[in-house]
Amino acid sequence: MAEVTTAMIKELRERTGAGILDTKKALVESGGDVEKAVEILREKGLASAAKKSGRIAAEGVVDAYIHMNGKIGVLVEVNCETDFVAKTDAFKALAHDIALQIAAANPLYLNKEEVPQEALDKEKEILRVQALNEGKPEKIVDRMVEGRIEKYYKDTCLLEQAFVKDPEKTIKGLIAEATAAIGEKLSIRRFVRFERGEGMQKREDDFAAEVMKQAGLA
């Protein structure tokens with residue numbers, strides 16, 4: 001039986017919205033098989049987020065975040081199932097937190113699936129050359145690249161990023177928690193981020209820290 005790790009518990013919680021004890025029990029029961037653990041939690045009625053994943057979320061809001069001095073602007077569409085939930089303070093706060101995340105962390109894609117194969121191949125080649133330049137043995141380079149590509153996803157994909165207001169959870173985990181708390185399927189459909197002077201030569205700023213400061217979170 002596979003050892004139940006903290007990483008496995010975290011992944012299962014993010015996917016189901018279930019509590020720590022319930023996820024750990026399900027993983028023990030499934031022998032460390034995460035997919036089977038999801039099924040166990042669903043059968044017990046404990047996987048609130050997974051249970052709602054098949055529903056259609058067509059309502060919601062488009063939230064905007066403009067950096068105070070006009071350097072950065074974000075628009076994000078966050079969806080829910082009903083107009084009632086879309087009008088609640090909790091849902092609006094979630095959408096605004098996500099807009100703030102995009103402004104601060106500058107994701108390029110929504111999720112792993114959106115990363116173009118060309119961009120992924122290029123990144124893997126860069127990582128491979130880096131590993132070889134570090135003197136790593138050829139036989140382990142490919143394995144190292146696969147491990148490092150996960151960091152690339154965490155840097156560039158919104159759902160994989162650490163939440164700027166609570167780095168212990170990912171945006172995917174934040175959505176799962178909100179789904180469980182609100183009781184409807186929630187999802188981020190799309191976003192766009194504008195940065196003044198983007199593509200032009202300019203002074204480099206720590207935008208993440210600056211955005212958090214302007215938002216009163218630093």
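For the reader, a short list of remarks on this structure follows.
- FRET efficiency for ASN69 and GLN130, using Cβ-Cβ distance with R0 set to 41 Å, rounded to 0.05: 0.70
- DSSP-loop GluC sites (Glu not before Pro) across segment 120-150, with at most 13 other Cβ within 10 angstrom: GLU134
- Relative contact order (percent, whole number), the chain, Cα cutoff 8 Å, 6+ residue spacing: 24
- Report summary: the helix-based calculation at 222 nm, which adds -39500 (n - 2.57) for every DSSP H run with n ≥ 4 and divides by the residues of the chain, gives -15500 deg cm²/dmol.
- The label point for LYS44 and the one for LEU217, both projected 7 Å from the Cα toward the Cβ, are 3.3 nm apart.
- Taking label points 7 Å from Cα along the Cα-to-Cβ direction, THR5 and LEU108 give a separation of 2.6 nm.
- Relative pair counts by distance (%), Cα atoms of segment 116-155, 10 Å bins: 31, 56, 13
- Per-selection metrics, segment 6-51 (Cα): Rg and Dmax in Å: 8.6, 23
- For PHE163, the residues whose modelled amide H falls within less than 5 Å of its own, excluding neighbours fewer than 5 places apart on the same chain, are LYS169, THR170, ILE171.
- Taking every Cα-Cα distance in the chain and sorting them into 5 Å bins starting at zero, the pair-distance distribution P(r) comes out as 1, 7, 12, 14, 16, 16, 14, 10, 6, 3, 1, 0 percent.
- Residues of segment 74-107 with amide N under 15 Å of the 7 Å Cα→Cβ point at ASP166: 90-91, 93-98, 101
- Net +/- balance of residues flanking ASP22 in space, Cβ distance below 10 Å, scoring K and R +1, D and E -1: +4
- Taking each of LYS36/LYS87; LYS44/LYS112; LYS10/LYS213; LYS44/LYS172 in turn, the alpha-carbon distance tops 26 angstrom for LYS36/LYS87; LYS44/LYS112; LYS10/LYS213.
- Additional length obtainable on full extension of the chain from GLU77 to ARG190, 0.36 nm per residue less Cα span: 40.1 nm
- Helix screen, the chain: DSSP H segments with Cα axial length of 20 Å or more and mean Kyte-Doolittle hydropathy at least 0.5 are 89-105.
- Label zone at VAL62, where the point sits 7 Å out along the Cα-to-Cβ direction: segment 104-119 residues whose backbone N lies under 15 Å: none
Since every read-out is calculated from the coordinates, none of them should be taken as a lab result. Everything numeric here is computed off the predicted structure, so don't read it as measured data. All Cβ positions, glycine included, derive from the backbone under ideal geometry; neighbour counts span all protein chains shown.
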